[in-house]
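Everything below concerns the one structure shown next.
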Amino acid sequence: MNVGGVNTNYPIGYEARRTQRATSGTSFASAMGKTANVNSGHGFTLHWFDNEEGDKAIGACGLNGGSATVYKPVDFDPENPVYKVKVWDAAGNVTEERMVDVSKVDPQNSDFIDMLAYSGHLADSGECPGAFSAFIESSANPHGSGSVYDSYLDKMDWKSIAKYYMQLQYDLGNISGYMSYKKFWDFLEQ
């Protein structure tokens, strides 16, 4: 799988073009040094495997310089969907680990971690295939008020955030984007 297949809200190809313009006529080593400087402080490591438990990752995203990953436990029971979410800081230390029973998540009053598991479940189960992407995209800047990543443990009304982004896409004439959020919002409305 290429990096473009992972939803990181990062404009794939941007850094390469910027590096090519900034380094034309220089050596490979010099170009790589400048690439590292261009992206320094903005990267994150996705933790796709939980080697201790053998759990399977179903989704991951960057979070405050670190990352968050939703895992489907080895003993996962579809009748009782409980997922593990781990959050890492920029240094690679686990700062939060939680088991989330998605049947108890309230999309109108949940924190980022619970909704990450909930939207991951909706996508993984096929109930709403675009839910994880729609959630990650809308959580980056809910209601245009700043990043939720600064306060990812605060409870928010994710249903209204999805509606806001759905309407924003419609107002901008982006019907594809509107439909993506609408499917997620429709599911939350049920």
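The values are calculated or read from the model by the stated rules, or taken from the named source; none is laboratory data. The structure presented is a predicted model; accordingly, all values stated were derived computationally and were not measured. Quick reminder, even Gly has a Cβ in these numbers, built from the backbone with ideal geometry, and neighbours come from all protein chains shown. Areas reflect the complete protein model, heavy atoms only, side chains present, ligands, DNA and RNA absent. Shrake-Rupley method; radii C 1.70, N 1.55, O 1.52, S 1.80 Å.
Calculate the tail of P(r) for the range 55-190: the fraction of all Cα-Cα distances greater than 24 Å, expressed in %.
The calculated P(r) of the range 55-190 puts 26 percent of pairs beyond 24 Å.
If packing is taken as the average count of other Cβ atoms within 10 Å, what order do 84-97, 118-131 fall into, highest mean first?
Output ranking for 84-97, 118-131: 118-131, 84-97.
Hey, can you grab everything whose amide H is under 5 Å from the amide H of Gly66? Only 5+ residues off in sequence or another chain; H modelled, so Pro and N-termini drop out.
Ala90
Given H placed on each backbone N at 1.01 Å, which residues far from Ile58 in sequence or on other chains put an amide H within less than 5 Å of it?
Val70, Tyr71, Lys72
How much net charge surrounds Gly130 when only other residues with a Cβ under 14 Å from its Cβ are counted (Lys, Arg +1; Asp, Glu -1)?
For residues surrounding Gly130, the net value is -2.
At 0.36 nm per residue, minus the direct Cα-Cα distance, what do Asp171 and Met99 gain on full extension? Give it in nm, one decimal, please.
22.1 nm
Which order do the peptides 170-179, 99-108 take when ranked by the mean count of other beta-carbon atoms within 10 Å per residue, highest first?
Put in order of decreasing packing, that is 99-108, 170-179.
Under a 1.4 Å probe, what is the accessible area of the range 98-143 per residue, stated in Å²?
35 Å²
When Lys and Arg each count +1 and Asp and Glu each count -1, what net charge do the other residues less than 12 Å away from Asn80, Cβ to Cβ, add up to?
Residues near Asn80 contribute -3 overall.
Which net charge results when you count Lys and Arg as +1 and Asp and Glu as -1 among the other residues whose beta-carbon is under 15 Å from that of Lys163?
Local net charge: -2.
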